[in-house]
Amino acid sequence: MVTILTKENSIANHYLVELRDINIQQDRMRFRRNLERLGEIIAYEISKTLDYEPVTVQTPLGIASHQILQEQPVLATIMRAGLPFHQGMLNVFDHADSAFFAAYRHTKKSGEMEVHKKYVNTPNLDERILIMADPMLATGRSLVLCCKDLLAEYNIKELHIAVAIASEEGLQHVRAFLPEAHLWVGDVDNEMTSKSYIVPGLGDAGDLAYGNKE
């Protein structure tokens, strides 16, 4: 299942416009906050698909009946660009456990691309709902590598992948290698550069959020 937010009009479109705008991007705090707000919206949309159970709560004037989540998901992200996006989801699923990954791409002289993982920190994911948040889905290789490793190690009950902007190629790659995943995407672009930057995309999300790296 793939849900693309821009297929319907909502405030998510406004946040995506600001994320892409080269002039608004100069304000790092605003860029981070827009990623965070988009994460909140996608988390809310995911929450509609989860299981709930009835509860009663004592108010000052009586008893109210409601439905609450049966369980909180585990929220995972790939550092560093994913941190504001992850925080937005954590604002919604505020009792969730978190998992963190560090991975990077390396292009050989031949043009072949390798993906390397450097760091993994995760709770036990057996029989848990996992939401993997990564703002930019370019080739999709880093995300698939991380998810595949987790699926091999844990009996994950349900996998959701949340993305701000995806390339069409990356989306197809994820659907081919993670067919069980539910994908939640802000918008989809059709092109990538030779260095695997999404076009029109928004640039380097990590640099825009936290400054240029060496």
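The values are calculated or read from the model by the stated rules, or taken from the named source; none is laboratory data. This structure is a prediction, so every number in the text was calculated from the model and none was measured. Cβ placement follows ideal geometry from the backbone for every residue including glycine, while neighbour counts extend to all protein chains displayed. The protein model used for the area step is the full one, side chains on, heavy atoms only, and it has no ligands, DNA or RNA in it. Shrake-Rupley method; radii C 1.70, N 1.55, O 1.52, S 1.80 Å.
Tabulated values for the structure
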item: Long-range amide H partners of residue 192 with built H, under 5 Å; result: 199
item: Added length on full extension, which subtracts the Cα-Cα distance from 0.36 nm per residue, residue 28 to residue 94; result: 21.3 nm
item: GluC sites (Glu not before Pro) lying in DSSP loop within the stretch 125-194, provided at most 11 other Cβ fall within 10 Å; result: 127, 180
item: Accessible area of the stretch 2-210 belonging to carbon and sulfur atoms, whole % at 1.4 Å probe; result: 49
item: Where the stretch 20-103 is the region considered: accessible area per residue in Å², 1.4 Å probe; result: 54
item: Accessible-area value, residue 196, 1.4 Å probe, nucleic acids and ligands omitted, Å²; result: 10
item: Solvent exposure, largest accessible area first (probe 1.4 Å, DNA, RNA and ligands not counted), of 22, 161, 156; result: 22, 156, 161
item: Cα pair count fraction exceeding 30 Å, expressed as % - the chain; result: 23
item: Where Cα atoms sit under 16 Å apart: lysine pairs in the chain separated by 8 or more or lying on different chains; result: 5
